[in-house]
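Worksheet for the structure shown next.
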């Protein structure tokens, strides 16, 4: 059985064309929609390394008003590491 990723760690999948894709949520906009970034590579390890680099250096997207106060979760995640 595959390991399950924790919240806000992104996801990795193999695309039908054989390349690998990682999707990471880097913030939440003022209207409540997620801001996501996709990363691509030839191997899973390559995409995983790119995703780790992005998670450690992604700019924090701050929003003015959100109904659930989720704007700063990226910053909080970085502080815990």
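Any read-out appearing in this document is the output of simple, stated calculations on the displayed coordinates, not a laboratory observation. Only a predicted model underlies this, so the values are computations on that prediction, with no experimental measurement involved. With ideal geometry, Cβ positions are generated from the backbone for all residues, glycine too; neighbour counts draw on all protein chains shown.
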Next item on the list: Please order 28, 12 by the number of other Cβ within 10 Å, starting at the fewest.
Entry: 12, 28
Next item on the list: Run the quick spin-label model on residue 57 and residue 14: label points 7 Å from Cα toward the beta carbon, then report their separation in nm to one decimal.
Entry: 2.9 nm
